[in-house]
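The values are calculated or read from the model by the stated rules, or taken from the named source; none is laboratory data. Fair warning: this is a prediction, and the values are worked out from it, not measured in the lab. Cβ: placed from backbone, ideal geometry, glycine included. Neighbour counts: every protein chain shown. For accessibility, only protein heavy atoms count, side chains too; no ligands or nucleic acids. Shrake-Rupley method; radii C 1.70, N 1.55, O 1.52, S 1.80 Å.
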Amino acid sequence: MLIWARALVYARAHGHTPVWPAWGQVHLGSWLRWERDKRMYGLLFRRLRHYASGSGLRRLPHYSESETAQFEARTDGDAVLRFEGIGPGFQPLVGHSEFLWKELCGIARDDLVAHRESAREIIGFGIRLGDFMKLGWSTPVPWFEARLLELRRFCPEQRVWLFSDGSDEELSLLLSDPLVSRTPVHRDPLRSPALTEIAQMSGTRLLVLTPGSTFHQWGAFLGCRPVLGKVTNDWYRQRLQMVSPCVVCPESDDPISVSQWERLFSWC
């Protein structure tokens, strides 16, 4: 989605026609790691008329992002500027969240607005495990458990949804709270719940999340949601500040103060 969004923002700013992305590619790693979400994104979208597509695009000259100047200097016909990889993350998208939300709603087959509204009274816990655990990038589940206990003292009747690729066993202590549940998304193994959950996260009161997860960052970015996440360096902090208007980023396992919780809730 970062590639799609970066290309769309660029095309809008320079008066170009966006090219329809290759959403339907098979994500081999998801199958090899037996992840629940196989990331079959091709079923989630419908092409709108203002997107270019077709085999003829392959015959046009192609330029990479590093060759943007050469692309813009062309005067002898059409060409394609190719966007690839995560690049600078959300930095080129800052200030365009509402535009991208409307565009995403337009191409989605599902009703993303309804999913956003369904989470208006919810606090989301974005807990990235799976591949992040193997790479050592995940925030430990006990950190989220401690935040839930603090939340219960601050707001005892608050409902919480878990946006997580973890198993029920891994999240068992969180799920033992009667006001904590998984998101109400039907899990079809051939369809990804990711887009629905991004829309739901964008409507939550606030997000307690794994800082390095771009999936959870999308929810905060599209909804301008306040976020709480444990950071280990300034790199994570700077990226969270790109996606949220209100960020609380403790570096240690110390409790989150009442004033910090109040700051987050003031943005709800």
Confirm whether Leu179 is over 23 Å from Thr214 (Cβ atoms) and touching a residue at least 60 places away in the same chain (Cβ under 8 Å).
no
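Results for (1) modelled with pLDDT of 90 or more; (2) open to solvent by less than 30 Å² (accessible area, probe 1.4 Å); (3) of a type outside the set (Asp, Glu), shown as yes or no for each residue.
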site: His16; (1), (2), (3): yes, no, yes
site: Gly29; (1), (2), (3): no, yes, yes
site: Leu48; (1), (2), (3): yes, no, yes
site: Gln70; (1), (2), (3): yes, no, yes
site: Ala108; (1), (2), (3): yes, yes, yes
site: Asp111; (1), (2), (3): yes, no, no
So if I check each of Cys224, Cys155, Cys268, which one is open to solvent by 30 Å² or more (accessible area, probe 1.4 Å) and on the phi > 0 side of the Ramachandran plot?
Cys224
Take Phe163 and decide whether it is open to solvent by less than 10 Å² (accessible area, probe 1.4 Å) and either within 27 Å of Trp235 (Cβ to Cβ) or touching a Gly at 6+ places or on another chain (Cβ under 8 Å) (or both).
yes
Limited to the stretch 235-257, what total is found for residues that are out of contact with any Asp or Glu (no Cβ under 8 Å at 6 or more places or on another chain) and open to solvent by less than 90 Å² (accessible area, probe 1.4 Å)?
15
By residue number, the members of the stretch 192-216 that are open to solvent by 10 Å² or more (accessible area, probe 1.4 Å), part of a helix (DSSP H, G or I) and under 19 Å from Pro140 (Cβ atoms) are Phe215
It is to be established whether one or more residues within the stretch 258-267 are of a type in the set (Ser, Thr, Tyr) and either more than 26 Å from Ser167 (Cα to Cα) or touching a residue at least 60 places away in the same chain (Cβ under 8 Å) (or both).
yes
